[in-house]
Every structure is written in C-alpha cells, then in structure tokens.
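To start, the structure under review is shown below, and the notes come after it.
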Amino acid sequence: MSDVIRAALVQATWTGDKETMIKAHEEATREAAEAGAKVICFQEIFYGPYFCQVQDPAWYSYAESVPGPTTERFAALAAELGMVMVLPVYEREQEGYLYNTAAVIDADGSYLGKYRKSHIPQLPGFWEKFYFRPGNLGYPVFDTAVGRVGVYICYDRHFPEGWRALGLNGAQIVFNPSATSRGLSNYLWRLEQPAAAVANEYYIGAINRAGIEDLGDDDFYGSSYFVDPEGAFVGDVGRDDGVGELIVRDLDMVKIAEVRNRWAFYRDRRPDSYTELVRP
C-alpha cells in the first residue's frame, strides 16, 4: 500500500433512468482513473433516485442480487482501470428480503464482499422500512489494494457504535454513501463525520447526492468531502448548489499511525465498563 492514496467520490444528479445513471458513473470512474484515483465510492443506491421519498412497491424492481449484474459490470471496469470500487446498490437476497447494500470490489475486479445498512429510518421523506430490512452482516472491513476499507451508509452515521466497530475491525478508510436533503439533519453533515474520524482515527469519505429529483421536493445538497483522522477536511468540500461533482483527493495514510500514536484512544478504551451501553 502506498503512503498516499488518491481517492474519489461521485456526487451525482438523477438522470431519469437506471441505465443512463450507470453509464454516468462509468464515465465518472474513467475520469477519476485519468486523474490518478485508485479507489472510488458512489452515493447511496447510486443507480436510482432516492425513492424512499415515497412508498411505492414499483421501486422494488430496482433491487438485484449482490453479486449480480451491476456489481459484475463494475468489477470488469475495476479490473480494467486497476481501481478499488465501493458500489451502493439495492439488494434482493430473495423475494421479500431486500437490503440497502454496498458491494466492495478490489482493483483486480474481485468481489470482496458487502455491507448492509444497519440502521433504517422511517419518517416523512425517508420511508426506508418500506424498502429495506436491517443489515445483518455486522461491520466488515475489507482488505483492498489501497488498504482496509469499511462502509457505513447514510443514517448509520448518527450511531457512533458502528463507526467504532469499523475502527476495531481495522478500518483505515470508511465511506459513508448518503442521500441527505436540506432540513432536519443538514447542520449535522459537517459535524458528525469529522467527529467520527477523530474519535476513531481514520479517514472518512462522505458522499451525498445532488439536486431535486422527480419524486418530491427534497433538495439533496451534495457537499461531499473527505476528512482526515484529525477531523480536517482534505481539500475543499464539494458543491452544495445541486450540481454533480467528482471529488478527487490525496489521503496521507501515514497520518493514521501518527494520530493513533499521539492520541491512544484504542489503548485507553474501557470496554469492561461499557456493558450497560449495549442493553436494549
């Protein structure tokens, strides 16, 4: 693994259909590769709109197996470009078993596994329990060509336990693909992920979609970014005006060890005293 990893995020606007959305992300991946990126992550359920604004079973048709057609299509691209890819998709394990999932593909095109969103909201504009079962795969971390990668999806970010579990499992970079609109949690967007990066001493890539989609008036404000283990943004935060953007940044992986040696949070944890925290 290199001391510096060039990483990319794609905040995208809805194109109107699944195939053109996939093609737009293929083009963005090639653009990222031309810029030297070795790892890329897309937004939550990247090939669709954020259909959880409504409760309509017609959107179940967007679910597919993982691995499956979309992961296989991007696995071929990953192998061609030599790029690690995190693909947030709508997963059908079997009929009636649907998950909000992210597949992880290594730089040689091999499928490494998947994370299923653990915390599922159910409130106006975010009717996710209509579409998804809670994740049941824990908090896996994947050994990739760019280091140890974890995923934590959108609403998950409000729960510190999963961030910590990913750190304990060895994560160096955690991607947080999201669909976050202006309103209730807007002010938290630039607070929670930097705080989690500091508390767990790793990099976080926070990805949000952009624009107003045709299912409602939710305004997805983009503002995607990378944050380092000291809580500092790596370069500028992405656009917040409803415009899609490819974000490419250099992550200094040496900083992880430097911060962990300075702030020995993992050494000083007291799991023996936390028993009451995991009681229902």
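Read-outs: derived from the displayed coordinates by stated rules, not from any lab. Computed from a predicted model, the values in this text were never measured in an experiment. Neighbour counts are summed over all protein chains in view; Cβ atoms, including those assigned to glycine, are modelled from backbone coordinates with ideal geometry.
On a C-alpha basis, how far is the centre of the stretch 231-280 from the centre of the stretch 167-219 in Å? Whole number, if you could?
Comparing the Cα centres of the stretch 231-280 and the stretch 167-219, I get a distance of 12 Å.
For the chain, how many pairs of lysine residues have a Cα-Cα distance under 26 Å, where the two are 8 or more positions apart or belong to different chains?
Close lysine pairs under the 26 Å cut-off: 12.
Mind checking the full-extension length gain between TRP127 and ARG262? Use 0.36 nm per residue of separation minus the Cα-Cα distance, one decimal, nm.
Residue separation times 0.36 nm, minus the Cα-Cα distance, leaves 44.4 nm.
Hey, can you rank 164-176, 52-64 by average C-beta count inside 10 Å, highest first?
Put in order of decreasing packing, that is 164-176, 52-64.
Just order 9-18, 22-31 by mean Cβ neighbour count inside 10 Å, highest at the front, would you?
Packing proxy ranking, top to bottom: 9-18, 22-31.
Once you list every other residue whose beta carbon is under 13 Å from the beta carbon of THR144, what net charge do they have if Lys and Arg are +1 and Asp and Glu are -1?
Here the count lands on -1.
Report the charge-dipole magnitude of the chain in Debye, nearest 20, computed about the Cα centre from +1 at each Lys and Arg Cβ and -1 at each Asp and Glu Cβ.
About 860 debye.
Among PHE51, TYR90, PHE159, which residue has its Cα positioned farthest towards the positive end of the charge dipole of the stretch 4-278, with +1 placed on the Cβ of Lys and Arg, -1 on the Cβ of Asp and Glu, and the dipole taken about the Cα centre?
Of the listed residues, the answer is PHE159.
Using only the Cα atoms of the stretch 69-203, build the gyration tensor, take square roots of its eigenvalues as a ≥ b ≥ c, and label the shape rounded, prolate or oblate: rounded if a/c is under 1.5, else prolate if a/b is larger than b/c, else oblate.
oblate
About its Cα centre, how strong a charge dipole does the stretch 114-181 have in debye, to the nearest 20, once Lys and Arg get +1 and Asp and Glu get -1 at the Cβ?
Charge dipole, the stretch 114-181, about its Cα centre: 120 debye, nearest 20.
Lys and Arg at +1, Asp and Glu at -1: add these up for the other residues within a Cβ distance under 12 Å of THR20 and post the number.
Value of the local net charge: -2.
Calculate for the chain the 222 nm mean residue ellipticity that helices alone would give, adding -39,500 (n - 2.57) per DSSP H run of length 4 or more and normalising by residue count, nearest 500 deg cm²/dmol.
Mean residue ellipticity at 222 nm (helix-derived): -6500 deg cm²/dmol.
What is the chain by shape, rounded, prolate or oblate, if you read a ≥ b ≥ c off the alpha carbon gyration tensor as root eigenvalues and call it rounded for a/c under 1.5, prolate for a/b larger than b/c, and oblate otherwise?
The shape class here is rounded.
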